[in-house]
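These notes concern the structure reproduced below.
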Amino acid sequence: MPELTKSQKVIFAILAVVVLYAVYDLLLFPSKPKNVKTAVEAENQPELKDLLTATVAKMSQTMLPAKYEHLIARAEAGWPRNPFIERSKYRELILKRSAEGIAAEETQPKKVPFVYSGYIVSGTQVMAIINNVEYNIDEHLETEGYILRKVLPDKVVIEDKAKRQRFEVPLQE
């Protein structure tokens with residue numbers, strides 16, 4: 001086992017002191033509170049009963065400010081969306097709603113022309129030739145908003161940053 005550092009030794013020393021004190025205080029000589037009354041003894045005290053009765057009566061008589069009534073009414077009303085929903089489920093819900101909107105519009109995605117004409121392997125580095133320009137993996141293309149994600153001998157994978165969609169471009173000879 002490796003040698004402990006000075007800070008680790010100090011932490012273990014403090015831990016040992018705490019454990020010894022806990023054993024002493026809880027097991028060997030437990031301290032008993034002197035002026036603590038049980039619930040049965042407390043019920044028999046008329047002052048406490050009077051105080052509780054007066055407090056409950058006063059609470060029922062006081063009116064809440066309008067802003068608190070409004071907050072309580074809003075909390076009790078149905079919520080349009082769940083604030084505690086998991087991110088993945090929320091993302092699915094948003095994608096479903098956006099897919100319904102896109103299906104209704106029947107929009108066509110814009111086509112960006114990329115020509116994958118070859119690749120270069122130099123040691124561990126792989127480069128693709130797209131539109132007569134050499135690119136490394138994860139490099140931004142000259143056409144703004146696109147990143148080269150993967151280079152294979154027969155195709156490349158390009159990501160559209162705005163839409164977060166990936167598409168493949170086949171090798172053209």
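The values are calculated or read from the model by the stated rules, or taken from the named source; none is laboratory data. Owing to the predicted nature of the structure, the values given are computational and were not obtained by experimental measurement. Virtual Cβ from ideal backbone geometry, glycine too; neighbours counted across all protein chains shown.
Descriptive notes on the structure:
- Filter result for Lys155 (basic (Lys, Arg) and within 30 Å of the chain's Cα centre (by Cα)): no
- Any chance Ala103 is part of a helix (DSSP H, G or I), closer than 30 Å to Asp160 by Cα, of a type in the set (A, V, I, L, M) and at pLDDT below 70: yes
- When restricted to residues that are exposed (fewer than 13 other Cβ atoms within 10 Å of the Cβ) and farther than 26 Å from Leu95 by Cα, segment 144-173 contains 5.
- Filter result (touching a Leu at 6+ places or on another chain (Cβ under 9 Å) and free of Cβ contacts under 8 Å to residues at least 40 places away in the same chain) within segment 150-167: Leu152, Pro153, Asp154, Lys155, Val157, Glu159
- Checking Ile147, Ile129, Ile120 one by one, the residue that is in a strand (DSSP E or B) and either of a type outside the set (A, V, I, L, M) or touching a Leu at 6+ places or on another chain (Cβ under 8 Å) (or both) is Ile147 and no other.
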